[in-house]
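Accompanying notes for the structure given below.
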Amino acid sequence: MVQADQLCLETETLTYAVLLARFPSGTAADLFSGLNSALRIVKPSLDRCAKALGSPPVSALDPSKDVNAFAFPMAVSWMCLHAGPAAAALALRSDFAAYARESRELVRMLTDAGAEVPEAFRDHYSMPAPSELLDLAATVVKDGIREGETSDHTASVAKLLLAGLDGFWRFAAGPERAPSAVAAGPRSRQG
C-alpha cells in the first residue's frame, strides 16, 4: 500500500503541475497549486512510513504484475490531460474525501484488531482531508459549471478517478491477478 501511495504521490504532484499549466488563473489555479504544495509537504511523512515498514522502492512495482497499483495513477494522468477545471476539481475533491475516510478507517481497524501499527503509519494515514482545499475545489466546480462544463461530464470524471482509487485499495488488500493476466495464462489444449 505504501509503495502504491508513493507512486500515486509522484503522479499527483506532476498532475497538479500540468493542471496548473492548463488552467493558470483564478480559483482553479489556486486549487491546483495548493494541492501540489500540500502533497509535497506530505511526502516526508509518507517516506517515514515507508521506512518504518521497510517498504520496497516504488521502482519494484511491476505494472504487468501489480496492475491495481497503477490504477489510480492511470486515472489521474488521464484526468489531468482531458478534464476541465470543474471536472478535475470534483474528481480531486471526491478522491481526497474518500481516501482520507478510508485511510482513517484502515488505521482504526488495524488498531482495533490489535495489529502492531508503526507510529509513522498511524500518523500518516490518520491525517484529515485538507478542508480548505476541499472547499476551494467545491468553488471551482461551481465556477466551472456556471461557465459551461456539464454536470454529467464532471460527474463521469469523478467516477473514473474513484474507480482508480478502488484499484488502489484492491492492490493494498493483497495480491490479485488482473483479469487480462488470468485470460493470458496457460490454457489446456484439446487434442
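Things to note:
- Reported count of residues in segment 128-155, each being open to solvent by 70 Å² or more (accessible area, probe 1.4 Å) and within 21 Å of Gln3 (Cα to Cα), is 1.
- Unmet criterion (only one of (1) among the β-branched types (Val, Ile, Thr); (2) within 18 Å of Pro85 (Cβ to Cβ); (3) surrounded by fewer than 20 Cβ atoms within 10 Å (Cβ to Cβ)) for Thr15: (3)
- Search result, residues across segment 107-127 that are surrounded by 11 or more Cβ atoms within 10 Å (Cβ to Cβ) and touching a residue at least 24 places away in the same chain (Cβ under 8 Å): Pro118, Ala120, Phe121, Asp123, His124, Tyr125, Met127
- Residue among Thr139, Thr150, Thr111, Thr154 that alone is polar (S, T, N, Q) and touching a Ser or Thr at 6+ places or on another chain (Cβ under 7 Å): Thr139
- Among the conditions (1) in contact with a helix residue (DSSP H, G or I) (Cβ under 6 Å, 6 or more places away or on another chain); (2) modelled with pLDDT of 95 or more, the only one that Leu133 does not satisfy is (2).
- Residue check, Arg104 over 15 Å from Val2 (Cβ atoms) and open to solvent by 40 Å² or more (accessible area, probe 1.4 Å): yes
- Subset of segment 142-167 (residues that are under 22 Å from Phe72 (Cβ atoms) and polar (S, T, N, Q)): Thr154, Ser156
- Residues of segment 51-90 that are in contact (Cβ under 8 Å) with a residue 12 or more places away in the chain and among the polar types (S, T, N, Q): Ser55, Ser64, Asn68, Ser77.
- Complete set of residues in segment 18-50 that are closer than 16 Å to Leu92 by Cβ, without any contact (Cβ under 8 Å) to a residue 60 or more places away in the chain and open to solvent by less than 40 Å² (accessible area, probe 1.4 Å): Ala29, Phe32, Asn36, Leu39
The values are calculated or read from the model by the stated rules, or taken from the named source; none is laboratory data. Small disclaimer: the values here were computed from a predicted structure and weren't measured. Reconstructed Cβ throughout: ideal geometry from the backbone, glycine too, with neighbour counts over all protein chains shown. Surface accessibility is based on the protein's heavy atoms, side chains included, excluding ligands, DNA and RNA. Shrake-Rupley method; radii C 1.70, N 1.55, O 1.52, S 1.80 Å.
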